[in-house]
Amino acid sequence: MSFMFEVHYRPPADAQREIEIARRINPFGGRLSFREEPALEGMGSVCLTYEFGDNEVAHCAAESLRKFGEHVEGPSDYGD
């Protein structure tokens, strides 16, 4: 079973921000499994989905990002 959370931020896409998010996730062993841009420019958010093998680790990673002001939804059970 894996666990996931989503990081959302307002467009436009920001490669430097995503690098920084990944840098903060790496020590927790999470991996980017999906990246979604808004369907319409200016509406919605950029969504980065990160997967983890352990629920506690996912919670710790999510809290770490929240401390730096990122909007994180989850973590939740991602299934098998």
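The values are calculated or read from the model by the stated rules, or taken from the named source; none is laboratory data. Just so you know, these numbers come straight off a predicted model, no measurement behind them. Ideal geometry is used to build each Cβ from the backbone, glycine not excepted, and the neighbour counts take in all protein chains shown.
Filtered by the rule that a residue be among the basic types (Lys, Arg) and touching a Leu at 6+ places or on another chain (Cβ under 8 Å), region 25-80 gives a lone residue, ARG35. Out of region 1-16, which residues are closer than 14 Å to TYR50 by Cβ and either exposed (fewer than 11 other Cβ atoms within 10 Å of the Cβ) or at pLDDT 95 or above (or both)? Selection gives PHE3, MET4, PHE5, GLU6, VAL7, HIS8, TYR9. A single member of GLY69, GLY74 is surrounded by fewer than 16 Cβ atoms within 10 Å (Cβ to Cβ) and either within 13 Å of the chain's Cα centre (by Cα) or on the phi > 0 side of the Ramachandran plot (or both), and it is GLY69. From the list ARG23, ARG35, the one residue that fits, being in a helix (DSSP H, G or I) and of a type in the set (Lys, Arg), is ARG23. Considered as a group, the residues in region 55-79 that are among the hydroxyl-bearing types (Ser, Thr, Tyr) and in a strand (DSSP E or B) include one that is modelled with the lowest pLDDT, and that residue is TYR78.
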